[in-house]
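Here is the structure we will look at.
The values are calculated or read from the model by the stated rules, or taken from the named source; none is laboratory data. Because the structure is predicted, anything quoted here is derived from the model rather than measured. Positions of Cβ are generated from backbone atoms using ideal geometry, with glycine treated the same way; all protein chains shown enter the neighbour counts. Accessible surface areas use protein heavy atoms only, side chains included; no ligands, DNA or RNA. Shrake-Rupley method; radii C 1.70, N 1.55, O 1.52, S 1.80 Å.
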Amino acid sequence: MIDDGSRRHLVLVGLMGAGKTTVGAACATRLARPFVDTDDVVEANTGMSVRDVFIQQGESSFRQLERRAVEEACATPTPAVIACGGGAVLDGDNRRRLQRTGFVVWLQADPATLMARVKDGTERPLLEGRGTATLERLAVVRAAAYEAAADALVDTDGLTVSQVVDAVLEVYPR
Ligand code: S3P
């Protein structure tokens, strides 16, 4: 990592259910940094839930809003922990921006683990009414994008939140 402060953020990427929000918030507490979740930024900017943006405006509008959210998150003036929506790294501009301003950790888990974690009532429009097969497909389709974005990978299967936080902070150069 360049230690001139330019890559200052800790960025978490990975599929829905990987634990980006929970782990990211816990990492931010441990590092005493602000926590930014790109889905929250979209919701704050639109006054709508991510689900309603998908339903009322469609996925491509959501992706535009997400690009702006990534831009805003990366522009946070102090070093932050940034949790990206699962599809944010599909966009090359997002990948480059995240790479340029942060150290990117890919939180990985088996689709069955992901599915168990997203069954918590959280609304995810891409998964509604679908099952593990969708997550298996997304894992295959998105693997190259996560790999291209990531500086490090943490396998979260079988780990508690606090063990994942330890593993992330271990790979994060400071
Ligand atoms: C999405 C993931 C969601 C949210 C939106 C689309 C995706 O975020 O951005 O529903 O394309 O994988 P989480 O990964 O935080 O669930």
*Of the numbered conditions (1) farther than 23 Å from Arg63 by Cα; (2) of a type in the set (D, E, K, R); (3) at pLDDT 95 or above, Glu43 satisfies every one except a single condition; which is it?*
(1)
*Which ones in segment 10-34 are surrounded by fewer than 18 Cβ atoms within 10 Å (Cβ to Cβ), closer than 24 Å to Glu147 by Cα and of a type in the set (A, V, I, L, M, F, W, C)?*
Ala25
*Filter segment 27-41 down to residues that are assigned to a helix (DSSP H, G or I) and within 14 Å of the ligand (Cβ to nearest atom), then give me how many there are.*
4
*Among the residues of segment 99-118, is any at pLDDT below 90, out of contact with any Asp or Glu (no Cβ under 8 Å at 6 or more places or on another chain) and of a type in the set (Ser, Thr, Tyr)?*
no
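Does Ile55 satisfy the condition of being of a type in the set (Val, Ile, Thr), within 25 Å of Pro125 (Cβ to Cβ) and over 15 Å from the mean Cα position of the chain (by Cα)? So that I can check it myself, show each step before the final result.
Working: of a type in the set (Val, Ile, Thr): yes; within 25 Å of Pro125 (Cβ to Cβ): yes; over 15 Å from the mean Cα position of the chain (by Cα): yes.
Yes.
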*Of the residues Ala73, Ala44, which single one is open to solvent by 40 Å² or more (accessible area, probe 1.4 Å) and not in a loop (DSSP other than H, G, I, E, B)?*
Ala44
*Residues located in segment 126-158, provided they are open to solvent by 30 Å² or more (accessible area, probe 1.4 Å) and within 12 Å of the ligand (Cβ to nearest atom)*: Leu126, Glu128, Arg137, Ala139, Val141
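Being of a type in the set (Val, Ile, Thr) and farther than 17 Å from Leu15 by Cβ is the filter; apply it to segment 159-174 and report the residue that is most open to solvent (accessible area, probe 1.4 Å). Steps first, answer last, please.
Start the filter on segment 159-174 by keeping residues that are of a type in the set (Val, Ile, Thr), which leaves 160-161, 164-165, 168, 171.
Now drop any that are not farther than 17 Å from Leu15 by Cβ, which leaves 160, 165, 171.
Details: Thr160: 75, Val165: 4, Val171: 55 Å².
Here the residue is Thr160.
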*Which pairs do you get when a residue that is without any contact (Cβ under 8 Å) to a residue 60 or more places away in the chain, found in segment 21-43, comes within reach of a residue that is of a type in the set (S, T, N, Q) and in a helix (DSSP H, G or I), reach meaning Cβ atoms under 7 angstrom, with the pair 6+ apart or on two chains?*
Asp37/Thr21
*Hey, among the residues in segment 80-98 that are touching a helix residue (DSSP H, G or I) at 6+ places or on another chain (Cβ under 8 Å) and more than 13 Å from the ligand (Cβ to nearest atom), which one's nearest to Ala144 (Cα to Cα)?*
Arg95
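Ser49 - would you say it is closer than 21 Å to Glu123 by Cα, in contact (Cβ under 8 Å) with a residue 40 or more places away in the chain, open to solvent by 20 Å² or more (accessible area, probe 1.4 Å) and among the small types (Gly, Ala, Ser)? Full working, then the answer.
On the way: closer than 21 Å to Glu123 by Cα: yes; in contact (Cβ under 8 Å) with a residue 40 or more places away in the chain: yes; open to solvent by 20 Å² or more (accessible area, probe 1.4 Å): yes; among the small types (Gly, Ala, Ser): yes.
When the stated conditions are applied, Ser49 passes them.
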